[in-house]
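The values are calculated or read from the model by the stated rules, or taken from the named source; none is laboratory data. The structure presented is a predicted model; accordingly, all values stated were derived computationally and were not measured. Glycine also receives a Cβ, built like all others from the backbone with ideal geometry; neighbour counts cover every protein chain displayed. Heavy atoms of the whole protein, side chains included, go into the accessibility calculation; ligands, DNA and RNA do not. Shrake-Rupley method; radii C 1.70, N 1.55, O 1.52, S 1.80 Å.
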Amino acid sequence: MEPTAVENWSPTSWREKKALQQPTYPDPDALQDALDRVAALPPLVTSWEVETLKTELAWAARGERFLLQGGECAETFADCRADVITSRLKIMLQMSLVLTYGLNTPVTRVGRFAGQYAKPRSSPTQSRNGQTLPSYRGDSINGRAFTPEAREPDPQRMVQAYTTSSLTLNLVRGLTDGGFADLRHPEYWDLDFMEHSPLAEEYHSIVTAIEDSIDFLETVAATSLDALERVNFYTSHEALLLPYEEAVTRTVPHKPGHYNLSTHMPWVGKRTNQPENAHVEYARGIRNPIGLKVGPAMTASELTDLVRLLDPEDEPGRLTLITRFGADDVGDRLPGLIEAVQSTGQSVLWICDPMHGNTEKTDSGIKTRRFSTILSELEQTVDIHAAEGSHLGGVHFELTGEDVTECVGGARGLKEADLERAYKSYVDPRLNYEQALEMAFSLIRKVRGTGG
Ligand code: PEP
Ligand code: CO
């Protein structure tokens with residue numbers, strides 16, 4: 001299908017609409033200098049990769065692949081470090097191994113990293129001890145320290161976000177391109193915790209089964225399966241900071257249209273997903289596959305408007321709906337929205353973000369999420385899709401490869417009292433490596449049990 005030019009759209013047409021969640025930069029010239037710099041730098045991803053991901057997502061929409069999207073709520077410049085990046089990659093590779101084996105389907109891996117630097121906030125300002133300052137909006141916008149200097153939006157941070165994304169992606173590409181990601185050596189992905197984990201036995205039995213299958217195939221074929229040496233890894237981030245997204249939007253030779261070449265799969269968040277506003281306007285014109293967060297406030301008619309706006313050609317792989325209602329609301333909200341999308345006759349990929357509708361505060365005021373509640377939303381979502389003649393084609397998690405204590409529950413039985421031990425997130429609580437792997441096991445148990 002030859003895509004046509006997008007009607008009344010340009011990379012700047014979002015500027016005619018209402019743009020929520022944007023910082024106010026004090027110096028327009030400094031802003032323009034930074035944007036010019038970002039626009040002049042080479043792209044982080046290519047249009048070929050973007051199109052390949054779109055094809056994989058189209059398969060997932062048909063039930064022939066499964067999407068694992070995961071990573072940070074918010075990356076920080078300080079955490080652009082080999083150990084953090086490598087651990088996150090390891091846990092994603094382990095989860096995808098479990099899912100591939102357990103669901104008997106190929107898995108597409110999309111990281112929430114190499115660009116996840118801008119955050120929507122519930123209030124534009126924050127007050128402390130009688131002083132009111134702009135809220136921290138993520139490292140690409142301002143600093144976290146509660147001082148007027150740090151909190152002033154600094155456009156040079158966009159240049160730093162871009163170059164830091166590039167450093168992150170460089171290591172991810174190097175590791176996944178051979179050697180480290182080799183399916184014949186899953187021991188490279190073992191995290192230190194593995195030996196002592198309640199999940200170790202289950203995980204290693206899968207690894208052994210896979211090794212045996214590979215040995216068998218290589219023996220029968222009398223050749224080594226070179227394709228096992230590398231894996232594809234894609235990136236995604238919330239396309240929130242629109243001047244930045246505009247600066248990374250490019251045309252490429254021999255292909256029509258515009259691509260966001262800072263990431264493979266930008267998504268529109270729950271707070272900025274109104275059909276009439278700027279973020280949807282920006283997203284509708286680019287050629288990338290688009291994610292759209294769908295929360296409890298969304299009506300059926302808003303959703304069908306959004307599906308038609310963001311995917312007017314019903315292009316395979318174009319639109320991924322990321323549902324995040326919360327375990328209490330998913331049963332009421334999801335069925336009607338699935339039916340509404342079915343009534344458009346368009347095909348979308350449905351995935352579940354069981355994190356963002358299930359955030360709560362402990363009595364001592366710490367933001368957390370419960371393993372059991374997260375899993376409950378995920379399990380209910382599997383059942384609802386099955387009952388509606390649809391299917392869940394992927395998952396979206398906030399997770400880390402580190403031993404943090406931010407979410408409660410899981411096999412290790414983390415309690416509220418444990419949260420203070422290693423709570424590192426500045427924004428939302430993430431699954432730690434063990435909870436993340438356990439979530440993958442729980443999901444395959446559920447899907448197998450449902451006969452899906
Ligand atoms: C997020 O993904 O970190 C986020 C803010 O989610 P949502 O837009 O779904 O609230
Ligand atoms: Co978050």
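Details
- Number of positions in region 143-172 that are assigned to a helix (DSSP H, G or I) and either more than 24 Å from residue 43 (Cβ to Cβ) or at pLDDT below 95 (or both): 4
- Test: residue in region 183-193 that is surrounded by 18 or more Cβ atoms within 10 Å (Cβ to Cβ) and free of Cβ contacts under 8 Å to residues at least 12 places away in the same chain: no
- Count of residues meeting criterion [open to solvent by 70 Å² or more (accessible area, probe 1.4 Å) and modelled with pLDDT of 95 or more] in region 7-39: 13
- Residue within region 62-80 that is on the phi < 0 side of the Ramachandran plot, loosely packed, with under 13 Cβ neighbours inside 10 Å and under 25 Å from the mean Cα position of the chain (by Cα) present: yes
- Per the listing 409, 413, the residue uniquely open to solvent by less than 30 Å² (accessible area, probe 1.4 Å), over 24 Å from residue 85 (Cβ atoms) and touching a strand residue (DSSP E or B) at 6+ places or on another chain (Cβ under 7 Å) is 409.
- Enumeration of residues in region 120-140 that are away from ligand 2 (no atom under 16 Å from the Cβ) and in contact with a Pro (Cβ under 9 Å, 6 or more places away or on another chain): 124, 125, 126, 131, 133, 134
- Residue satisfying condition, being open to solvent by 10 Å² or more (accessible area, probe 1.4 Å), acidic (Asp, Glu), outside any helix (DSSP H, G or I) and free of Cβ contacts under 8 Å to residues at least 60 places away in the same chain, within set 328, 332, 305: 328
- Residue satisfying all of: in region 428-441; open to solvent by 10 Å² or more (accessible area, probe 1.4 Å) and part of a helix (DSSP H, G or I); nearest to ligand 1 (Cβ to nearest atom) among these: 433
- Of the residues making up region 118-126, none is crowded, with 22+ Cβ neighbours inside 10 Å, in contact (Cβ under 8 Å) with a residue 12 or more places away in the chain and more than 22 Å from the chain's Cα centre (by Cα).
- The listed residue being within 29 Å of residue 78 (Cβ to Cβ), within 14 Å of ligand 2 (Cβ to nearest atom) and open to solvent by 20 Å² or more (accessible area, probe 1.4 Å), out of 396, 356: 356
- Residue within region 409-427 that is in a helix (DSSP H, G or I), over 26 Å from residue 365 (Cβ atoms) and among the basic types (Lys, Arg) present: no
- In summary, residue 158 fulfils each of the numbered conditions (1) closer than 22 Å to residue 101 by Cα; (2) open to solvent by less than 20 Å² (accessible area, probe 1.4 Å) with the single exception of condition (1).
- Of the residues screened, residue 88 is not one that is charged (D, E, K, R) and either in a loop (DSSP other than H, G, I, E, B) or away from ligand 2 (no atom under 16 Å from the Cβ) (or both).
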